[in-house]
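Visitor: Structure incoming, see below.
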Amino acid sequence: MSDRPAHIGQPHLRHNALRHLAGRGAYVSDLQLPRMLHAAFLRSPMAHGLITALDVEEARTAPGVVAVFTAAELNARCKSWTSGLGHFAGMVSVPQNILAEREVLWAGHPVAMVVARSRAEAEDACERILLDLDELEPVSGVDEVLLPGAPLAADGLESNLCFRTELKTEGVAQAFARAAHVVEGDYAFGRHTPVTLEPRAVVADYTPSSGQLTVHHGTQTPYQFQDIYARQFGLPDHKVRVIAPDVGGSFGMKLHLYNEEMAAVAATLILHRPVRFVADRLESFVSDIHAREHHVRARMALDADGTILAMDVEDRTPIGAFSAYPRTSVVEGNQSIRLMGAPYRMPDYRGELKVLFQNKVQASQYRAVGHPIACQVTEALVDQAAALLNIDPWEIRARNVVPDDAYPCTSPTGYQFEKLSHEKSLRLLREMIDYDGLRRDQAELRNAGIHRGIGLATFVEITNPGAAFYGVGGARISAQDGAVVRLTPGGEVHCAISVTEQGQGTETIMAQIVADQLGVNPDQVKVTTGDTDTTPSGGAAWACRGAGIGGETALRAGRKLARRIAEIAGAVLQADPDTLALRDGAVVDAATGVERLTLAEVGRIATYRPETLPAGTDNSLSVAQHFAPTGYPFGFTNGVQAALVEVDVETGMVRLLKHWVVEDCGRIINPLLVDEQIRGGVVQGLGPALFEECLYDENGQLQNGSLADYLVPMACEMPDIIIGHVETPTEDTILGAKGVGEAGTAAAGAAVMNAVNDALSPFGARLMQTPMTPARILAALCVGQG
Amino acid sequence: MTLPLHLTVNGQSVAEHVEPRTSLADFLRDRLRLTGTHLGCEMGVCGACLVLLDGKPVHGCLVLAVQAAGSEVQTIEGLAESGALADLQRAFHERNALQCGYCTPGMLITAHSLLETTPAPDRGEIRTALSGNFCRCTGYESIVDAIAVTIERRAEGAGA
Ligand code: FES
Ligand code: FES
């Protein structure tokens, strides 16, 4: 075995980046197959209605058109799907089909599909379809959707309540009754959407002679889709191959089931030709999941010296007319109410969640599911308490976080924490930002009429999920991963693994981990991902599991192969395998380091001269290993963020001056890649805090569904982001790594909201709604001064 | 209806027939299979489709293929092969200034044009120059760093 982790922990560069830098990425949207056809969809212009007439005859004869499908043809090919998880008792959602049959449920709901020689011809033909709808009253509000007599978002529902749950400790009422202070607020979070730069893309290709369905699919979870396509279309799963090559951003958006991808599969099963669908940006806005509209009423109870006693939270989160498949749209709210107050020693808690139906685009998991809501509400209340009690915001956090020596412990919402480092993280952040200096500058600048604010936000992130997440609820979503690692005949290494790459650097860190087990350089390890035919089945990429679970899988597979190599070498050398180690591309004597046999020689002998090995020697230079997390149900991480902003009180404009993150993701495999995950995540949290919102009118029409109207963060508005680390490895695995992909997004919005409110504090103004647009800031200033 | 189209792409002359409504980006991607030019919005706001038209950056999604008749087009593939981007590519790689890579060709073309036209932009000017390039993955800082380092290295190289 190799004994020195020479590559884990090093900032290795990503090899696969070189292709992208030369314009040689290979995305699904780039793919052209022989005889390939292009799909376009006629979509409902109304948010809610009944189809009274649908005539596609003229479209059928339009130039270039090969087929026009309605629900009658396509839905018949595919079983309907209904969202649900066993552990969300009482959750409801109506069954879904590929195309609307009778009722349209949102503006953008696909009603008919045109398949043509080119996308342009398919779009032209869509215009020749006649669709008549009787408009039904759309459901678009929040509290009023639950009033008796309110219109229902979909036929078959008894109410617009998808799910309700309540968590409650026994002492919560008493805690509020004896509290010296209570702070509270109503917090609103705007619906936003992931906006991956490459839109959703699929090329579905069925070959009837072999019965093989191959789906080139820009997704982060190819095995999940292999299973879905097999079951929904009645195919054996080994005849379904899903290939996810380069994916131009995913962030949770590309793991949900969408009507258009299912339609492309149904169409190739009928037409026996490859069918391509690539969303244009306008379609993305009305069909990619939206996320995180929440309306939260929250209170926090404290004793006289500022110790947090309890929180009481009511979260209402509208999701669209049905819950997304296969993960449900309930997980977002479930995590939001369970993460409230997570960093703090808070004995009592009540959290109530209501997930509501509306006639809007489906809303579901997006990077940092639920975290930004819990963090922003908790951290806003902590700042309100600090102001009320006249305690410094850093100080009140330092007093209340769970002490670093108090682990393991369990939150009042039931989360079990193995070991977190809030105190250490807060101390490191304070040093990094020169907190006292910042406060001095702030006071001076205030006298000069310049309004700066400093915002802090501690956070806890859920990573390394076990089967508790989905599997126990009956969903066919894998919490385990698999790897096949082999020594090639030439003495190089190949690793095929189920975790996938969307630019995080998955392939690079797997190469580092495997290299260390085999005593080679990461350059000698080729890693392949994203193809259900050539890699073992596993969960792939979701909920920050790649490094922690995928990495452990790679590590164990690498060790297994190292053992096999030592056994073969031992047989050749007539040495005890336990006395051998792998170093610098060779089998060496473990005690002296003297080279005994190169890996190339092991590869040669085992492959070409196996008859020279003693009888009974296993010459298998390929090993397979699966790994499912055991121990804690989740691997929690923690950290703290700080934002420095300047608010122009005349215009309401916010300038982000600087942002800091201290993060503890356990063992760091590659510091370069970890930091860039954090930075990208922070910016995805800053967007919805300041700019991003899907604006709907009362008729359920999206008002800003284009990249010109929907504001995303651009380079000129974003700050530099400074990162510090604390490393508390998990003891649940040999590797000790946890996830980091969502940490940035979890707390960036909370930090910047607290910073803006800090800047506005001299005016008595406070924002409780994101995005914090200039208009909302000016309105808050008016109220503050009014 | 199609129209004849003659132009030069990455130094090679091209003669094709195109529909008048075909955008330059679609022509490059679908017809010439130069798929390094990406599409993110098709309305001129994301910068994924940038190419050089007679040396100037244009949005391939907004220019019609027929408007490029008689012109010289350079795409990411041609620029990469010519070596014109070598130091930028190296800096992007070292600084990990890309994740999914979908914005990367447009970022490189913006950076290349900035460095051609502005001798020594500071970080603020680099950020401003990138204001038409959307990246959802990186948070931009690594891209700004990579461009800044290239400027430094070019200045050192020129001085040496
Ligand atoms: S695709 Fe041309 S600018 Fe976005
Ligand atoms: S690297 Fe993915 S959009 Fe920039």
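The values are calculated or read from the model by the stated rules, or taken from the named source; none is laboratory data. Computed from a predicted model, the values in this text were never measured in an experiment. Heads up, the Cβs are rebuilt from the backbone with ideal geometry, glycines too, and the neighbour counts pull from every protein chain shown. Calculation scope for accessible area: heavy atoms of the full protein, side chains included, ligands and nucleic acids excluded. Shrake-Rupley method; radii C 1.70, N 1.55, O 1.52, S 1.80 Å.
Visitor: Is it the case that some residue within segment B:63-81 is within 11 Å of ligand 1 (Cβ to nearest atom), at pLDDT 95 or above and among the hydrophobic types (A, V, I, L, M, F, W, C)?
Guide: Looking only at segment B:63-81, we keep the residues that are within 11 Å of ligand 1 (Cβ to nearest atom), and these are B:63.
Then keep just the ones that are at pLDDT 95 or above; that gives B:63.
Going one step further and asking which of them are among the hydrophobic types (A, V, I, L, M, F, W, C), we end up with B:63.
Checked against the condition, which is being within 11 Å of ligand 1 (Cβ to nearest atom), at pLDDT 95 or above and among the hydrophobic types (A, V, I, L, M, F, W, C), segment B:63-81 yields at least one hit.
Visitor: Taking segment A:64-86, which residues are part of a loop (DSSP other than H, G, I, E, B), in contact with a helix residue (DSSP H, G or I) (Cβ under 6 Å, 6 or more places away or on another chain) and not charged (D, E, K, R)?
Guide: Within segment A:64-86, A:G64, A:C78, A:L85, A:G86 qualify.
Visitor: Do we have B:L5 as away from ligand 1 (no atom under 12 Å from the Cβ) and either touching a residue at least 60 places away in the same chain (Cβ under 8 Å) or under 19 Å from A:A715 (Cα atoms) (or both) here?
Guide: Values: away from ligand 1 (no atom under 12 Å from the Cβ): yes; either touching a residue at least 60 places away in the same chain (Cβ under 8 Å) or under 19 Å from A:A715 (Cα atoms) (or both): yes.
Yes: the conditions hold for B:L5.
Visitor: Kindly list the number of the only condition in (1) open to solvent by 20 Å² or more (accessible area, probe 1.4 Å); (2) in contact with a Leu (Cβ under 9 Å, 6 or more places away or on another chain); (3) over 30 Å from A:G550 (Cα atoms) that fails for A:V647.
Guide: (1)
Visitor: A:D618 - would you say it is among the charged types (D, E, K, R) and in contact (Cβ under 8 Å) with a residue 40 or more places away in the chain?
Guide: yes
Visitor: A follow-up question, please. List the residue pairs whose Cβ atoms are under 6 Å apart, where the first residue sits in segment A:498-518 and is away from every other protein chain (no Cβ under 14 Å), the second is charged (D, E, K, R), and the two are 6 or more positions apart or on different chains.
Guide: A:S498/A:D481; A:V499/A:D481; A:Q517/A:R559
Visitor: Turning to a different aspect of this structure: Mind listing whichever residues of segment B:121-132 are assigned to a helix (DSSP H, G or I) and surrounded by fewer than 24 Cβ atoms within 10 Å (Cβ to Cβ)?
Guide: Matches in segment B:121-132: B:R123, B:G124, B:E125, B:R127, B:T128, B:A129, B:S131, B:G132.
Visitor: Right, another one. Is there a residue in segment B:120-129 that is away from ligand 1 (no atom under 16 Å from the Cβ) and at the interface with chain A (Cβ under 7 Å from one of its Cβ atoms)?
Guide: yes
Visitor: Moving on to the next point. In segment A:614-638, what count of residues is obtained for those that are assigned to a strand (DSSP E or B) and either open to solvent by less than 60 Å² (accessible area, probe 1.4 Å) or among the small types (G, A, S) (or both)?
Guide: Here the count works out to 9.
Visitor: For segment A:705-737, give me each residue that is assigned to a loop (DSSP other than H, G, I, E, B) and within 13 Å of chain B (Cβ to nearest Cβ).
Guide: Scanning segment A:705-737 gives A:G705, A:S706, A:L707, A:A708, A:D709, A:Y710, A:L711, A:V712, A:P713, A:M714, A:M718, A:P719.
Visitor: Can you name the condition, by its number, that A:Q384 falls short on among (1) open to solvent by 10 Å² or more (accessible area, probe 1.4 Å); (2) not in a helix (DSSP H, G or I)?
Guide: Condition (2) is where A:Q384 drops out.
Visitor: On to the next question. How many residues, within segment A:235-253, are away from chain B (no Cβ under 14 Å) and in a helix (DSSP H, G or I)?
Guide: Of the residues in segment A:235-253, 3 are away from chain B (no Cβ under 14 Å) and in a helix (DSSP H, G or I).
Visitor: Please work out if A:E170 is surrounded by fewer than 19 Cβ atoms within 10 Å (Cβ to Cβ) and assigned to a strand (DSSP E or B).
Guide: On the way: surrounded by fewer than 19 Cβ atoms within 10 Å (Cβ to Cβ): yes; assigned to a strand (DSSP E or B): no.
In short, no.
Visitor: For residues in segment B:9-46 being acidic (D, E) and crowded, with 21+ Cβ neighbours inside 10 Å, which is nearest to A:T196 (Cα to Cα)?
Guide: B:E42
Visitor: Residues that are within 30 Å of A:R178 (Cα to Cα) and buried (at least 24 other Cβ atoms within 10 Å of the Cβ): does segment A:265-279 have at least one?
Guide: There is no residue in segment A:265-279 that is within 30 Å of A:R178 (Cα to Cα) and buried (at least 24 other Cβ atoms within 10 Å of the Cβ).
Visitor: Of these, A:T553, A:T508, A:T592, which one is at pLDDT 95 or above, part of a loop (DSSP other than H, G, I, E, B) and among the polar types (S, T, N, Q)?
Guide: The unique qualifying residue is A:T592.
Visitor: Looking at A:L271, A:L309, which one is touching a residue at least 24 places away in the same chain (Cβ under 8 Å) and not assigned by TED's automatic domain parsing to the domain that holds A:I396?
Guide: Sole residue among the options that is touching a residue at least 24 places away in the same chain (Cβ under 8 Å) and not assigned by TED's automatic domain parsing to the domain that holds A:I396: A:L271.
Visitor: Just checking, does segment A:191-202 include any residue being more than 16 Å from ligand 2 (Cβ to nearest atom), under 30 Å from A:M340 (Cα atoms) and crowded, with 17+ Cβ neighbours inside 10 Å? Even if it seems obvious, please write down each step before you answer.
Guide: Kept after step one, since they are more than 16 Å from ligand 2 (Cβ to nearest atom), are these residues of segment A:191-202: A:191-192, A:202.
Checking which are under 30 Å from A:M340 (Cα atoms) leaves us with A:191-192.
So of that shortlist, the ones also crowded, with 17+ Cβ neighbours inside 10 Å come out as A:191-192.
Yes - at least one qualifying residue is present in segment A:191-202.
Visitor: Now for a separate question. Cβ-Cβ below 8 Å, separation at least six or inter-chain, first residue in segment A:16-31 and more than 7 Å from chain B (Cβ to nearest Cβ), second open to solvent by 10 Å² or more (accessible area, probe 1.4 Å) and among the basic types (K, R): which pairs?
Guide: Short answer, once both residue conditions are applied: A:A26/A:R19; A:L31/A:R276.
Visitor: Out of the residues in segment B:29-56 that are more than 12 Å from ligand 1 (Cβ to nearest atom) and not in a loop (DSSP other than H, G, I, E, B), state the one that is farthest from the other protein chains (Cβ to nearest Cβ).
Guide: B:K56
Visitor: Given the conditions (1) more than 16 Å from ligand 2 (Cβ to nearest atom); (2) at the interface with chain A (Cβ under 7 Å from one of its Cβ atoms), which single one is not true for B:A84?
Guide: (2)
Visitor: Still on this structure, please answer the following. Do we find a residue being open to solvent by 10 Å² or more (accessible area, probe 1.4 Å) and either farther than 25 Å from A:G666 by Cβ or at pLDDT below 95 (or both) anywhere in segment A:418-431?
Guide: Within segment A:418-431, none of the residues are open to solvent by 10 Å² or more (accessible area, probe 1.4 Å) and either farther than 25 Å from A:G666 by Cβ or at pLDDT below 95 (or both).
Visitor: Under 7 Å between Cβ atoms, which residue pairs at least 6 apart in sequence (or on different chains) link something in segment B:97-111 that is within 6 Å of ligand 2 (Cβ to nearest atom) with a partner that is polar (S, T, N, Q) and outside any helix (DSSP H, G or I)?
Guide: Hits for this filter: B:L98/B:T138; B:Q99/A:Q504; B:Q99/B:T138; B:C100/A:Q502; B:C103/B:N133.
Visitor: Another one. Could you grab the pairs with beta carbons closer than 6 Å, sequence gap of 6+ or different chains, first residue in segment A:234-259 and open to solvent by 10 Å² or more (accessible area, probe 1.4 Å), second one in a strand (DSSP E or B) and within 16 Å of ligand 2 (Cβ to nearest atom)?
Guide: Short answer, once both residue conditions are applied: A:D246/A:Y27.
Visitor: Would a scan of segment B:62-81 turn up a residue that is under 15 Å from A:H20 (Cα atoms), open to solvent by less than 10 Å² (accessible area, probe 1.4 Å) and within 16 Å of ligand 2 (Cβ to nearest atom)? It would help to see each step written out before you state the result.
Guide: Initial filter on segment B:62-81 (under 15 Å from A:H20 (Cα atoms)): B:75-81.
If we keep only those that are open to solvent by less than 10 Å² (accessible area, probe 1.4 Å) as well, we get B:75-76, B:79.
Now restrict to residues that are within 16 Å of ligand 2 (Cβ to nearest atom): B:76.
For segment B:62-81, residues under 15 Å from A:H20 (Cα atoms), open to solvent by less than 10 Å² (accessible area, probe 1.4 Å) and within 16 Å of ligand 2 (Cβ to nearest atom): present.
Visitor: Is it the case that segment A:211-234 has a residue that's within 16 Å of ligand 1 (Cβ to nearest atom) and within 13 Å of chain B (Cβ to nearest Cβ)? Give the steps one after another, and end with the answer.
Guide: Residues of segment A:211-234 within 16 Å of ligand 1 (Cβ to nearest atom): none.
Within segment A:211-234, none of the residues are within 16 Å of ligand 1 (Cβ to nearest atom) and within 13 Å of chain B (Cβ to nearest Cβ).
Visitor: Looking at segment B:61-82 only, could you name the residues that are over 18 Å from B:H6 (Cβ atoms) and part of a loop (DSSP other than H, G, I, E, B)?
Guide: Matches in segment B:61-82: B:C61, B:L62.
Visitor: Can you tell me which residues in segment A:746-786 are charged (D, E, K, R) and part of a helix (DSSP H, G or I)?
Guide: Of all residues in segment A:746-786, those charged (D, E, K, R) come to A:758, A:766, A:776.
Correct list: A:D758, A:R776.
Visitor: Further question on the same structure: Quick check on segment B:83-120: of everything there that is outside any helix (DSSP H, G or I) and surrounded by fewer than 18 Cβ atoms within 10 Å (Cβ to Cβ), which residue is nearest to the chain's Cα centre (by Cα)?
Guide: To start, the set of residues in segment B:83-120 that are outside any helix (DSSP H, G or I) comprises B:83-85, B:95-103, B:118-120.
Of the ones still in play, those that are also surrounded by fewer than 18 Cβ atoms within 10 Å (Cβ to Cβ) are B:83-84, B:118-120.
Numbers: B:G83: 14, B:A84: 12, B:T118: 17, B:P119: 19, B:A120: 20 Å.
Restricting to residues being outside any helix (DSSP H, G or I) and surrounded by fewer than 18 Cβ atoms within 10 Å (Cβ to Cβ), the top hit is B:A84.
Visitor: Where residues in segment A:443-463 are outside any loop (DSSP other than H, G, I, E, B) and without any contact (Cβ under 8 Å) to a residue 60 or more places away in the chain, which of them is farthest from A:F636 (Cα to Cα)? Give the derivation first.
Guide: So in segment A:443-463, the residues outside any loop (DSSP other than H, G, I, E, B) come out as A:443-447, A:451-463.
Subset that is without any contact (Cβ under 8 Å) to a residue 60 or more places away in the chain: A:443-445, A:447.
Details: A:A443: 37, A:E444: 40, A:L445: 39, A:N447: 43 Å.
Taking the candidates together, the pick is A:N447.
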